[in-house]
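Report on the following structure.
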Ligand code: ADP
Ligand code: MG
Ligand code: MG
């Protein structure tokens, strides 16, 4: 699926895409939060860019761990510690590896979900990034186990994540700032579910 070079390419694309989607993500957060999700993530991934030149000499686990630590220390806001935890857990999982396969990626999504659930004390259906992450993980796992086709599995994962975004429009936020809106959060998509889908799309396109 990916060696160190490929992982760096994917990270590069995520940095560029977060920057490009910064205003859109922030607009989404303006409606149900405090209007900083895009700015927060762009600040974090800009900081990741400054350590990118150290990645070539690292294994995949060390790269992901370094990204997680950067995100935790620079993002601020709920998404920083949550995405930071996801990358750090992924880094611990892939410690020492210079190649990763689809099973590693599926496991990586699982430890990320577990880490975010524990840290944010959230479950599925609370209008958060988890509502894109959990269906994406489940779809990728089911598809890959069915026929071992990585590309097909990633396509299924992106489709499930996009459906997850749509699902967040239909539910009330019960975690994070959007929960202050109660019923008024219905009809609007969750910024975090949207940013996760952006990251997964980078994997789908390049892995
Ligand atoms: P803040 O809300 O602190 O301004 P951001 O705007 O960067 O932080 O991130 C908001 C996103 O974080 C939400 O759209 C949601 O997906 C996610 N989020 C917030 N709280 C939680 C939580 N407890 N568990 C999981 N995800 C959460
Ligand atoms: Mg916000
Ligand atoms: Mg904020």
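Odds and ends about this structure:
- Prolate/oblate/rounded call for the chain, Cα gyration tensor, a/c under 1.5 rounded: oblate
- The separation of region 92-127 from region 136-207, counted between C-alpha centres, amounts to 14 Å.
- Most mobile of 148, 192, 33 in a GNM of the chain (Cα contacts under 10 Å): 148
- In this calculation the C-beta distance from residue 121 to residue 101 is compared with R0 = 41 Å, giving a FRET efficiency of 0.80.
- Seen through its C-alpha gyration tensor, with square-root eigenvalues sorted a ≥ b ≥ c, region 42-98 comes out oblate because a/c lies at 1.5 or above while a/b is not bigger than b/c.
- Taking 105, 196 and counting other C-beta atoms within 10 Å, the order from fewest to most: 105, 196
- The relative contact order of region 1-101, computed from alpha carbon pairs under 8 Å that lie at least 6 residues apart in sequence, is 31 percent.
- Highest-MSF residue in the chain out of 176, 96, 44 [GNM, Cα springs under 10 Å]: 96
- The gain in end-to-end length when the residue 186 to residue 53 segment is fully stretched comes to 43.6 nm, 0.36 nm per residue minus the alpha carbon separation.
- Computed over the chain, the per-residue total of -39500 (n - 2.57) for DSSP H runs of n ≥ 4 gives a 222 nm mean residue ellipticity of -23500 deg cm²/dmol, rounded to 500.
- Cα gyration tensor shape for region 61-134, rounded if a/c is under 1.5, else prolate or oblate: oblate
- Theoretical gain in end-to-end length, residue 20 to residue 159 [0.36 nm per residue, Cα-Cα removed]: 47.9 nm
- Here the residues 190, 34, ranked from fewest to most Cβ neighbours within 10 Å of their Cβ, fall in the order 34, 190.
- The mean sequence separation of alpha-carbon pairs under 8 Å and at least six residues apart, normalised by the residue count of the chain, gives a relative contact order of 22 percent.
- Label-to-label distance, nm, for residues given as residue 166 and residue 69 (7 Å Cα→Cβ offset): 4.2 nm
- Nearest-ten-degree value, helix 60-74 long axis tilted from longest Cα axis of the chain: 30 degrees
- Most mobile listed residue (87, 45, 24) in the chain, GNM with C-alpha springs under 10 Å: 24
- Each of 114, 29 has some number of other Cβ atoms within 10 Å of its Cβ, and from fewest to most they run 114, 29.
- Degrees between helix 22-32 axis and first principal axis of the chain (Cα, 0 to 90, nearest 10): 40 degrees
- In degrees, nearest ten, helix 102-120 long axis to first principal axis of the chain (Cα): 40 degrees
Taken together, the values in this text are just the output of simple stated rules run on the coordinates, not laboratory data. Bear in mind that the values here come from a model prediction, so they are computed numbers and not experimental data. For neighbour counting, all protein chains shown are included, and Cβ atoms are generated from backbone atoms with ideal geometry for every residue, glycine included.
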